[in-house]
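As structure tokens, the structure follows; a few thoughts come after it.
The values are calculated or read from the model by the stated rules, or taken from the named source; none is laboratory data. Just so you know, these numbers come straight off a predicted model, no measurement behind them. Cβ placement follows ideal geometry from the backbone for every residue including glycine, while neighbour counts extend to all protein chains displayed.
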Amino acid sequence: MMPVSFIAGTAVVLDDAGLDTGQILPPRFRAQPRGALFQDRRTADPGFPLRPAGNPPILLAGPDFGCGAAQEEAVLALLGGGIRCVITIGFGGIFCDMAAQWGLLTVVLVPDTFASLRKDALTGAEIAVDLERERIGCGGLSYRFRMDRFRWRTLLAGMDEREPTRDSAIADAIDRWEGADARRRPWATPT
Amino acid sequence: MTESLTLFDQIWNEHAVVRKDNAALLWIDRHLLHEGTAAAFERLSRAGDRLRRPDLTFATADRTVPSAPGTDSPETVILRGNARRHGFDFMDGHDNRRGIVHVAAPEQGLILPGLTVACADSHTATCGAFGCLGLAIGTTQAAHVLATQTLWQQKPKQMRITLRDALGPAVSAKDLILTIIALIGSAGAAGHAVEFSGPAVAAMSMEGRMTLCNMATEAGAATALIAPDDTTFAWLRARPRGPQGRRWLRAVADWRGLATGADARFDSEIGLDAGSVQPCVTWGTSPDTAVPVTGRVPDPAAEPDAAAAGRIAGQLAAMDLVANQAVAGIRIDRVFIGSCTNGRIEDLRAAAAILHDRSAVIPGLVVAGSKLVRQQAEREGLDRIFTAAGLVWGEPGCSACIGLNGDVVPPGERCAATTSRNFVGRQGPGARTHLMSPAMAAAAAITGAIADVRSVMR
């Protein structure tokens with residue numbers, strides 16, 4: 001996975017609340033997610049703002065984006081469509097966990113900040129997302145966001161979650177926990 | 001010290017192998033797989049990892065299994081190969097234990113109080129009904145669990161939902177959870193582990209508790225759980241893969257300590273009188289749009305907030321409904337009874353009680369959540385009630401909840417479904433879904449419209 005640090009470009013705005021992973025990628029396309037981004041929504045509405053590929057790098061999404069099924073292929077459909085960062089006031093389900101494994105940046109803003117950014121984005125303004133400083137710049141203004149430390153470190157380093165667990169101290173801690181548990185909870189092993 | 005901990009804290013603390021920044025590396029006691037997780041094995045191989053604990057890894061086929069006996073999906077064939085290669089237990093097509101992962105795993109006694117359970121499925125919170133920690137993960141995280149039997153997790157906040165009083169006649173756990181979701185919203189429990197407690201929960205069967213925890217997901221909950229009690233222990237006793245003999249006695253003794261302390265603090269507390277809950281249905285394309293069956297769909301003109309009004313108008317258009325329309329009487333084209341939300345024996349009994357000696361006036365499909373549920377239903381003659389009513393009795397699986405096995409609702413049709421999701425296109429492109437309880441779906445089947453189950457009860 002490539003490190004994620006700085007993403008800049010125009011943004012596409014998608015106001016719908018609760019766009020679940022099944023709308024982002026209809027599950028019948030899960031074997032080939034690239035090119036099927038919002039397939040059914042695009043078919044139903046020719047004016048739908050996202051294309052299957054070649055979109056601006058930033059998506060300003062409505063609340064609850066990525067709720068629904070734990071369908072990780074939805075992340076691949078977005079990346080295949082050129083999206084590298086999704087900004088909203090709140091993600092659904094485990095979307096952020098799944099996105100982080102592939103280096104798709106997910107940013108949560110408070111509603112007022114989001115509304116201001118959305119207004120600028122609709123005018124075609126360029127947006128710059130600086131993960132290291134946790135700042136978004138647009139139209140001369142700078143907005144702060146917060147990401148949890150674990151996720152922030154792994155994204156900046158370009159690691160999926162397997163990397164930190166390879167550390168020998170952590171591997172040893174797992175072995176110790178496992179060894180002690182067999183005595184502590186004899187009933188926890190399946191019959 | 002224990003007094004100040006929540007049930008969630010107890011399980012979290014016990015399983016935290018390592019803490020790093022705000023994340024914890026949790027030991028996973030059970031890793032459940034289904035046929036949609038092939039990519040996790042590809043990743044395991046690419047990373048040069050081996051399956052660490054085949055004995056804690058369990059698989060079933062559910063989402064692509066045809067509801068009429070048919071050939072195995074390519075995904076099922078791949079899972080079978082992975083089970084052979086890595087040596088884990090696969091409840092395969094011919095296996096009497098096969099079913100929807102959240103139905104079949106508890107039946108085998110694999111889901112126990114105090115455990116951590118991970119599954120690459122968003123409804124893993126279902127197993128929280130047993131007082132364990134169910135964690136929904138993606139396929140990349142599943143590869144991590146395969147390799148290490150652990151999972152990095154950020155600790156969620158905690159919410160308690162206290163359900164006072166008792167459910168009324170013909171009001172089910174499904175009506176209760178739909179009411180809760182409508183009350184707090186589809187993101188109402190976002191970022192929170194939810195503990196359900198109170199007299200209405202204590203009085204509830206394990207099937208009802210599973211329905212409750214299952215759909216906490218639709219309120220955005222990170223997970224949901226219910227403290228184990230005698231109902232839990234009675235349900236778990238003598239399950240094939242659960243503890244036996246002396247280990248059972250030791251287990252129950254340990255499990256009795258799994259409860260939230262009297263002075264434990266939650267980040268958020270909500271209370272609801274279960275007695276006030278009515279049979280309800282969703283009218284929109286989000287699970288938080290349930291209204292009592294005696295109610296009306298909302299009017300965007302009455303909504304002061306412009307964005308909220310726009311969302312209502314959009315959902316009315318998507319569902320082909322008119323503002324202020326009465327919910328009862330909305331014409332229904334077909335019925336689906338089943339899923340990990342409502343595919344258990346109690347659900348089938350509730351539907352059969354309404355359908356007995358009656359005919360459905362619209363097509364419908366009834367799918368048990370597992371082979372064992374199916375066999376139990378057949379022993380009780382429920383299958384004959386369904387088929388005599390004109391409904392199809394399908395092979396166990398996820399079926400028309402997500403339509404990955406070809407059971408889709410045709411475009412433009414309106415389905416009364418006992419499932420958990422009514423998102424645009426969830427049951428097929430152009431399909432319209434109304435979520436409701438099994439008894440309410442049965443009432444829709446015999447009337448061809450959304451109907452108050454209390455008006456057709458005998």
Pull out all pairs, ordered by first then second residue, where Cβ-Cβ is under 6 Å, the residues are six or more apart or on different chains, the first lies in the range B:86-111 and is not assigned by TED's automatic domain parsing to the domain that holds B:L44, and the second is surrounded by fewer than 23 Cβ atoms within 10 Å (Cβ to Cβ).
none
The condition of being surrounded by fewer than 17 Cβ atoms within 10 Å (Cβ to Cβ) and assigned to a strand (DSSP E or B) holds, among A:A8, A:A31, only for A:A8
Find all pairs meeting these conditions: Cβ atoms under 7 angstrom apart; at least six residues apart or on different chains; first residue within the range B:31-42 and acidic (D, E); second residue in a strand (DSSP E or B).
none
Pair list, Cβ < 9 Å and 6+ apart or interchain, from the range A:11-40 residues that are farther than 19 Å from B:Q315 by Cβ and more than 10 Å from every other protein chain (Cβ to nearest Cβ) to residues that are β-branched (V, I, T) and assigned to a strand (DSSP E or B)
A:A11/A:I58; A:A11/A:I87; A:A11/A:I127; A:V12/A:I58
Just to be sure, is B:R85 among the basic types (K, R) and more than 14 Å from chain A (Cβ to nearest Cβ)?
yes
Enumeration of residues in the range B:161-189 that are out of contact with any Leu (no Cβ under 9 Å at 6 or more places or on another chain) and either of a type in the set (G, A, S) or modelled with pLDDT under 95 (or both):
B:A166, B:G168, B:P169, B:A170, B:S172, B:A182, B:G185, B:S186, B:A187, B:G188, B:A189
Looking at B:A216, B:A166, B:A187, B:A170, can you tell me which residue is within 21 Å of A:F65 (Cβ to Cβ) and either assigned to a loop (DSSP other than H, G, I, E, B) or not assigned by TED's automatic domain parsing to the domain that holds B:E35 (or both)?
B:A187
Can you name the number of the only condition in (1) free of Cβ contacts under 8 Å to residues at least 60 places away in the same chain; (2) over 23 Å from B:P240 (Cα atoms); (3) surrounded by fewer than 20 Cβ atoms within 10 Å (Cβ to Cβ) that B:E75 fails?
(3)
Provide a single number: the residues in the range B:74-107 that are assigned to a helix (DSSP H, G or I), closer than 22 Å to A:R30 by Cβ and of a type outside the set (A, V, I, L, M, F, W, C).
7
From the residues in the range B:103-113 that are surrounded by fewer than 24 Cβ atoms within 10 Å (Cβ to Cβ) and more than 8 Å from chain A (Cβ to nearest Cβ), which one is nearest to B:R250 (Cα to Cα)?
B:Q108
Going by the structure shown, is A:D20 surrounded by 17 or more Cβ atoms within 10 Å (Cβ to Cβ) and either among the aromatic types (F, W, Y) or within 28 Å of B:P429 (Cβ to Cβ) (or both)?
yes
State all residues of the range B:322-335 that are over 27 Å from the mean Cα position of the chain (by Cα) and either closer than 11 Å to B:I450 by Cβ or modelled with pLDDT under 95 (or both); if no residue qualifies, say none.
B:Q325, B:A326, B:G329
Strands (runs of 3 or more DSSP E) within the range A:125-191 that include 1 or more residues under 15 Å from the mean Cα position of the chain (by Cα)
A:127-130
If you take the residues in the range A:57-76 that are outside any loop (DSSP other than H, G, I, E, B) and of a type outside the set (V, I, T), which one is farthest from the other protein chains (Cβ to nearest Cβ)?
A:L59
Within the range B:390-411, how many residues turn out to be surrounded by fewer than 23 Cβ atoms within 10 Å (Cβ to Cβ) and either farther than 19 Å from A:G68 by Cα or among the acidic types (D, E) (or both)?
7
Residue match in the range B:127-145 (condition: in contact with a Lys or Arg (Cβ under 6 Å, 6 or more places away or on another chain), more than 30 Å from A:E163 (Cα to Cα) and part of a helix (DSSP H, G or I))
yes
Looking at B:A377, B:A350, B:A360, which is the one that is part of a loop (DSSP other than H, G, I, E, B), at pLDDT 95 or above and either of a type in the set (A, V, I, L, M) or farther than 23 Å from B:T71 by Cα (or both)?
B:A360
Starting from residues that are farther than 18 Å from A:I94 by Cβ and among the β-branched types (V, I, T), keep the ones in the range B:150-163 and report whichever is surrounded by the most Cβ atoms within 10 Å (Cβ to Cβ).
B:I161
Any residue in the range B:341-360 that is crowded, with 22+ Cβ neighbours inside 10 Å sitting within a Cβ distance under 6 Å of a residue that is among the acidic types (D, E)? List the pairs, counting only those 6 or more apart or interchain.
B:R344/B:E207
Residue check for B:D9: farther than 30 Å from B:E346 by Cα, within 11 Å of chain A (Cβ to nearest Cβ) and outside any strand (DSSP E or B):
no
What residue, of B:A182, B:A173, B:A166, B:A147, is surrounded by fewer than 22 Cβ atoms within 10 Å (Cβ to Cβ) and within 18 Å of the chain's Cα centre (by Cα)?
B:A182
Please go through the range A:77-93 and pick out each residue that is within 10 Å of chain B (Cβ to nearest Cβ) and either surrounded by fewer than 24 Cβ atoms within 10 Å (Cβ to Cβ) or part of a helix (DSSP H, G or I) (or both).
A:I89, A:G90
Can you spot a residue in the range B:46-66 that is within 26 Å of A:R151 (Cβ to Cβ) and either away from every other protein chain (no Cβ under 13 Å) or without any contact (Cβ under 8 Å) to a residue 12 or more places away in the chain (or both)?
yes
